[in-house]
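S.K.: Got a structure for you, questions after.
The values are calculated or read from the model by the stated rules, or taken from the named source; none is laboratory data. The structure displayed is predicted, hence computed values, not measured ones. Cβ placement follows ideal geometry from the backbone for every residue including glycine, while neighbour counts extend to all protein chains displayed. We work out accessible area using only protein heavy atoms, side chains counted, and drop any ligands, DNA or RNA first. Shrake-Rupley method; radii C 1.70, N 1.55, O 1.52, S 1.80 Å.
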Amino acid sequence: MIYPIVAYGHPVLKTKGKDIEKGEMDVKTLVDDMFETMYNANGVGLAAPQIGKNLRLFVIDTDPIDEEEDQPKVKQAFINPQILDEEGEEWAFEEGCLSIPNIREDVNRKPNIRIKYFDENWEEHEEEYDGFVARVIQHEYDHIEGILFTDHVSAFKKRILKGKLANISKGKVSADYKMLFPLKK
């Protein structure tokens, strides 16, 4: 099932997600639906808040965009993740977001992370990621913490983006996928 993507301005995007209890829902189906929704929107990551669900769950698939051949391709669901460590010298990279179409800005992030999470089979993992994969994970992890990539840009950049962000909230934006707008009349 393909969900509409929740647009900037919806309160669920600024809310910290709730842990999922094993057995409380069919996570395998939800994960499959999230991958299908992400692929439909040509994304490389999608967090549950972006489909209107206040849960600590996100999916990534770095294969479509990973430019470095020596980087591993990662397709994974992360349930109740916890970033344990972030290391290295921050580096800037232009990020975008399915919930904030047509806006891209440089975001500084550390290149190495260690994360603990459950997969869709409720198997626990603790793994390290670096480079582009780490960045995608950090971006999606921010979503379940109620943080958007625009929260990382300077106050000056935020002032420049204010009108565009307000238009997205009102549905005055074009996207190649179905969206749910908080302020559309």
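S.K.: Please compute the Kirkwood hydrodynamic radius of segment 2-65 from all pairs of different C-alpha atoms, in Å with one decimal.
M.R.: Kirkwood hydrodynamic radius for segment 2-65: 12.2 Å.
S.K.: Continuing with the same structure: Could you give the size of the charge dipole of the chain about its Cα centre, using +1 on the Cβ of each K and R and -1 on the Cβ of each D and E, expressed in debye and rounded to the nearest 20?
M.R.: 1800
S.K.: Once the Cα gyration tensor of segment 40-185 is found, what semi-axes does its equivalent ellipsoid get, as square roots of 5 times the eigenvalues, in whole Å, sorted largest first?
M.R.: Semi-axes, largest first: 26, 18, 14 Å.
S.K.: Any chance you could look up the accessible area of Glu128 with a 1.4 Å probe, heavy atoms only, rounded to 10 Å²?
M.R.: Accessible area, nearest 10 Å²: 140 Å².
S.K.: Where does the chain land at 222 nm, in deg cm²/dmol rounded to the nearest 500, when only DSSP H runs of n ≥ 4 count, each adding -39500 (n - 2.57), divided by all residues?
M.R.: Counting only the DSSP helices, I get -7500 deg cm²/dmol.
S.K.: For a quick check of understanding: with a 1.4 angstrom probe and all protein chains in place, what accessible area in square angstrom does Asp106 have, to the nearest ten?
M.R.: Surface accessible to solvent at Asp106 totals approximately 90 Å².
S.K.: I would also like to ask the following. Past 18 Å, Cα to Cα: identify those pairs from Lys18/Lys116; Lys22/Lys53; Lys16/Lys110; Lys28/Lys75, in the order given.
M.R.: Violating the 18 Å limit, Cα to Cα: Lys16/Lys110.
S.K.: With θ taken as phi - 60° and the coefficients 6.51, -1.76 and 1.60, list the Karplus ³J(HN,Hα) couplings across segment 172-178 in order, rounded to whole Hz; mark glycine and proline as x.
M.R.: 8, 7, 10, 9, 8, 9, 6
S.K.: If the cut-off is 14 Å between C-alpha atoms, which aspartates and glutamates fall inside it for Lys164, apart from same-chain ones fewer than 8 positions away?
M.R.: Those aspartates and glutamates meeting the cut-off are Glu105.
S.K.: Just to verify a number: what accessible area does Met1 come out at with the full protein assembly present, 1.4 Å probe, Å² rounded to tens?
M.R.: About 120 Å², rounded to the nearest 10.
S.K.: Same structure, new question: Which cross-chain or sequence-distant (5 or more) residues have an amide H under 5 Å from the amide H of Val6, H modelled 1.01 Å from N in plane?
M.R.: The answer is Ile51, Gly52, Leu180.
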